[in-house]
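Written below as structure tokens is the structure these notes are about.
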Amino acid sequence: TPLDTIIRGGTIVTASDTSRADIGIKGGRIVMIGEDLGPDLYDAPEVIDATGLIVVPGGIDSHVHISQPGEPGVVIADDFESGTRAAIFGGLTTVLPFCLQAKGQSLREAVTWYHGLAEGNCYCDVSFHLIVTDPTPQALGQDLPALVADGYASIKLFMTYEGMKLSDRDILRTLEAAKTSGALAMVHAENDDMIEFLRDGAEARGETAPKYHATTRPIPAEREATHRAIALAEVIGTPIVVVHVSNRDAMEEIRAGRARGSVVYGETCPQYLVLTADDMDRTGFDGAKYVCSPPPRDTAQQAACWEGLMTGVFDLYSSDHCPYRFEDEQGKKRPAGVKSFRYVPNGIPGVETSLPILFSEGVSKGRIDLNRFVALTSTNHAKLYGLYPQKGTIAVGSDADLVLWDPAETRTIRQDDLHHGADYTPYEGFQVTGWPVRTILRGKTVMADGALRADKGVGRYQGRTPHHRAAAP
Ligand code: URP
Ligand code: ZN
Ligand code: ZN
Ligand code: ZN
């Protein structure tokens, strides 16, 4: 037969077009898109009926934390098996987790170790960003260029967190190496001295409840660091991605940088669209379930982030999935007996609920159209991080990474229904309209109607070409 699979009767949506068409798949790739690829013309052993459904390119989440080592005594709740399993249930076919360089470790050692964790355990495709914490001459001069040449085309730098944060001078050195080697740099922008100062003050006053996580990481700390990150990148003359942007002031810094001619990309996340700092102000220690950085703000800042998604301040929508267990002394409640927001590991789970939240609050409520949804959840990630056009679109020759959405299906998000390793979801009880009902990875159905349809190991590692060296899309 000329085809392995035909997807019939759906509405195909890409970042630019919407059309009623059928898709022919062979060897894991899309080989035909046409009207009525019926059995009289094309025979295929598998025919998937997509009548009434929306067919989009598989979601790409370019910001997830899986098996990332934390401080001593802190254990992240997802490994590659559970993290990528949750991803395919959430309409994703590719995730980009972070490979953390420990202090004193070479970048290459970190990558080799992280591959060992992923190998044979993934339900979707994966590709690694490198977190640079120890920018030695060896790391920047030898390892980074060699790794970029091997397809590790992006790095993340931190301006906060003890043990991870880089000085401005080290950020400059690292951005220069990124420019030379062709890596794209993501920046976590918060002013760490401001945070430390505010945190010491809060603790001295006995303010240790989870809600003080938000008051000690205020908008000025994010705004100032965003400004500084953009200025540092301007000095080097290299693009940056400002990740997990939570508020209008930081958005204005991105706009201002662009107006000066800098190439600055922006990312926001579901927590900044539907959670607020008030979520951290709950009885007992429950507010810890919402502790992430930057913290969710208020409803005015949620509206600002929506505006950023609509107007293009944000090119990327990612989950920043960083799961910890709540009923676990190695998670949100650690360490035993000491209850201060200072010790709550930063990060919340969200890889499985991220796209349904954007679909429902964005598309179903009329804030963004389906094409923008696809751009924000797939195409832009693929283009920016170097996976396009193999991934990120529905085109002849592209990987048959496809997700079928039922725009009419209404759900209530419940921890009991999720597949991640965390023991709670910050979105418990949240109602959504629109749900991913089938996930197809390189032509193979891996999830259908809420059931796992593949074995772990079906996901593959994907190397990437640095974005500005890739052929212009
Ligand atoms: O609180 C967060 N976002 N934790 C994940 C790590 C990071 O900074 O992205
Ligand atoms: Zn971060
Ligand atoms: Zn400024
Ligand atoms: Zn993150």
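Rule-based calculations on the coordinates, nothing more; no lab input. Not measured: the values here are computed from a predicted model. Neighbour counts run over all protein chains shown; Cβ positions are idealised from the backbone, glycine included.
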(request) Kindly express, to the nearest 10 degrees and within the range 0 to 90, the angle between helix 219-236's C-alpha long axis and the longest C-alpha principal axis of the chain. (result) 70 degrees
(message) Need the full-extension length gain, Ala204 to Glu327, defined as separation in residues times 0.36 nm minus the C-alpha distance. One decimal, nm.
(response) 41.5 nm
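Pick out, in residue order, every one of the trypsin sites (Lys or Arg not before Pro) in region 131-237 that is DSSP loop and has at most 11 other C-beta atoms within 10 Å; say none if there are none. Before the final figure, lay out each step's value.
Working: sites: Lys156, Lys165, Arg169, Arg173, Lys179, Arg199, Arg205, Lys211, Arg223, Arg228; in loops: Arg205.
Filter output for region 131-237: Arg205.
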(request) Determine the relative contact order of the chain: mean sequence separation of Cα pairs under 8 Å and six or more apart, normalised by residue count, in whole percent. (result) 22 percent
(request) Kindly put Met159, Met164, Met310 in sequence by how many other C-beta atoms sit within 10 Å of each C-beta, fewest to most. (result) Met310, Met164, Met159
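Work out which GluC sites (Glu not before Pro) in the chain are exposed loop sites (DSSP not H, G, I, E or B, at most 14 other Cβ within 10 Å) and give the longest gap free of them.
163-326
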(message) Could you tell me the center-to-center distance, by alpha carbons, between region 163-184 and region 1-72 in angstrom?
(response) 38 Å
(request) Determine, from the Cβ-Cβ distance of Thr311 and Ala231 and an R0 of 22 Å, the FRET efficiency 1/(1 + (r/R0)^6), rounded to the nearest 0.05. (result) 0.45
(request) Take every DSSP beta bridge whose two residues both sit in the chain, then give the antiparallel share in percent to the nearest 5. (result) 45 percent
(request) Would you mind telling me the antiparallel percentage of the DSSP bridges in region 1-129, rounded to 5? (result) 45 percent
(request) With a Förster radius of 41 Å, plug the Cβ-Cβ distance of Glu71 and Val396 into 1/(1 + (r/R0)^6) and report the FRET value to the nearest 0.05. (result) 0.30
(request) Would you calculate a helix-derived [θ] at 222 nm for the chain, using -39,500 (n - 2.57) for each DSSP H run of n ≥ 4 and dividing by the full residue count, to the nearest 500? (result) -7500 deg cm²/dmol
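For region 132-188, calculate the relative contact order in percent as a whole number, restricting contacts to Cα pairs under 8 Å that are 6 or more residues apart.
Dividing the mean separation by the residue count of region 132-188 yields 45 percent.
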(message) Need the full-extension length gain, Asp49 to Val263, defined as separation in residues times 0.36 nm minus the C-alpha distance. One decimal, nm.
(response) 72.8 nm
(message) Just to verify a number: FRET efficiency for Gln138 and Glu252, C-beta to C-beta distance, R0 = 30 Å, to 0.05?
(response) 0.20
(message) Cut-off is 10 Å between beta-carbons; in what order do Arg20, Arg453 appear when sorted fewest neighbours first?
(response) Arg20, Arg453
(request) Taking the chain as the reference, fit the longest principal axis to its C-alpha atoms, fit the long axis of helix 168-181 to the helix C-alpha atoms, and give the angle between the two in degrees, 0 to 90, nearest 10. (result) 30 degrees
(request) Mark the label point 7 Å from the Cα of Ser167 along Cα→Cβ and return the residues of region 118-134 whose backbone N is within less than 17 Å of it. (result) 133-134
(request) Would you please give the residues with an amide H less than 5 Å from that of Leu37, counting only those at least 5 places away or on a separate chain, with H modeled from the backbone geometry? (result) Asp22
(request) Express in nm, to one decimal, how much length is gained between Asp150 and His115 on full extension, taking 0.36 nm for each residue of separation and deducting their alpha carbon distance. (result) 11.3 nm
(request) Return Ser127, Ser319 ranked ascending by Cβ neighbour count within 10 Å, so the fewest neighbours appear first. (result) Ser127, Ser319
